[in-house]
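Report on one structure; see the data block that follows.
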Amino acid sequence: MAGKKSTSLDRVLGRLDSLDSVNLANLVQRLARERGIFEQVFNTLQEGVLVINGAGTIEYANTAAQRLIAVGADELAGQTLWRLVPGLLPSLSPAGDEAGAALPVVAREFELTYPEPRTVRLNLVPFHPDGRGGPPRHVVILSDITGDKRSTEQRIEDERTSSILLLAAGVAHELGNPLNSLTIHLQLLERKLKKLKAPAAETQALAESVKVCRDEVGRLDGIISNFLEAIRPRPPDLAETDVAEVLAEVLRFQQQEFADRGVAVEAETPHALPPIMADRNQLKQVFFNVNKNAMEAMQPGGRLRIRSRSDDEFVYLLFADSGSGIKQEDLLRLFEPYHTTKPGGHGLGLMIVRRIMRSHGGQVGVESKAGVGTVVTLQFPRKDRRVRMLAS
């Protein structure tokens, strides 16, 4: 029925110049009625629906969008979305980064503080109104997930994470016993080596081998401890932190793994970045997981580019890989526990990243295009953000 009406209307519009004043008036009335019907349909939706052009100017907003942004229809017309939702544009557009500019599908969660604190999920998808490749517009769908956020997190933490903790505790116990035994026997070997009446060169070589074994046992024990720490919720121990310094430390730790996979890393993180308040160990876990996901998405010869910037409120780190990208249907489920597209993956890495970022008052966003790559944006509040707000 809708298709027949559209075809009939197209025929009328095709001979618009030949219509007399009566038929033209009827056509205008018909278009007004159909527009009214569509507006009624969109205004019944609980989700906010916006249409914006390439500059972010709002061309349409339904009632739910007006309510979420707390701006009336008259004030909303012609406004720029980036001005109404401060902090959204820097997070969506990676400061001229060419990898980011080619990524059309965006899924994001961000905080609104006016008229009351809320968490909003944003999905942004481009479309061409004329279907002929003209200037694109974007459909923005806003969903208020404030009420769902707490219950979802509670369900994840209480039900699913508890089962993971039980499993992890069992694994740690099973691995811990042989590791402790290895440590004890390596200590005994060291003592016996010191008592041996053998050539110094031979004794030294054996001692070095034993030390390597002890170091590797210690590293395995550390991996187990870090895994348990990563999945066990605990409040961050916040202190003034230089994000560039922590990132450099993680990259040094992962340097050999990147090299083994044939992946090049280009990091541009100026030391002049404003400090943030963060738990250094939890921050390392975030960077480790993001880097790990990036290197696993790329083939040998891939490249991970890390950029940073800041504004008056936030510090941003952007991780752009040249991997296979993420399909749109997977992008929308990216932060769900146990959802993974990698063989043998557990689907917990990004869930842990988001949980840590939220506990630091920050946000994580992902933009991706299949076959092009993925950009992960980490947004941290500046240490002096609160002071600046009070001073203003």
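The values are calculated or read from the model by the stated rules, or taken from the named source; none is laboratory data. The structure displayed is predicted, hence computed values, not measured ones. Methodologically, a virtual Cβ is constructed for each residue, glycine included, from the backbone with ideal geometry; neighbour enumeration extends over all protein chains shown. Side chains included, ligands, DNA and RNA excluded: accessible areas come from the protein's heavy atoms. Shrake-Rupley method; radii C 1.70, N 1.55, O 1.52, S 1.80 Å.
When segment 362-392 is examined, which residues are found to be open to solvent by 40 Å² or more (accessible area, probe 1.4 Å) and either modelled with pLDDT of 90 or more or hydroxyl-bearing (Ser, Thr, Tyr) (or both)?
Passing the criteria: only 392.
Could you please tell me which pairs satisfy a Cβ distance under 6 Å, a separation of 6+ or placement on different chains, a first residue in segment 287-311 that is open to solvent by less than 50 Å² (accessible area, probe 1.4 Å) and polar (S, T, N, Q), and a second residue that is assigned to a strand (DSSP E or B) and modelled with pLDDT of 90 or more?
Filtered contacts from segment 287-311: 308/317.
Hey, among the residues in segment 33-61 that are modelled with pLDDT under 80 and open to solvent by less than 60 Å² (accessible area, probe 1.4 Å), which one's farthest from residue 81 (Cα to Cα)?
Here the answer is 34.
To keep it simple, each residue is scored yes or no on (1) over 19 Å from residue 61 (Cα atoms); (2) in a strand (DSSP E or B); (3) modelled with pLDDT of 80 or more; (4) not polar (S, T, N, Q).
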residue	(1), (2), (3), (4)
100	yes, no, no, yes
114	no, no, no, yes
134	yes, no, no, yes
139	no, yes, yes, yes
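Hey, can you tell me all the residues within segment 280-302 that are of a type in the set (A, V, I, L, M, F, W, C) and within 16 Å of residue 362 (Cα to Cα)?
Hits for segment 280-302 are 283, 286, 287, 290.
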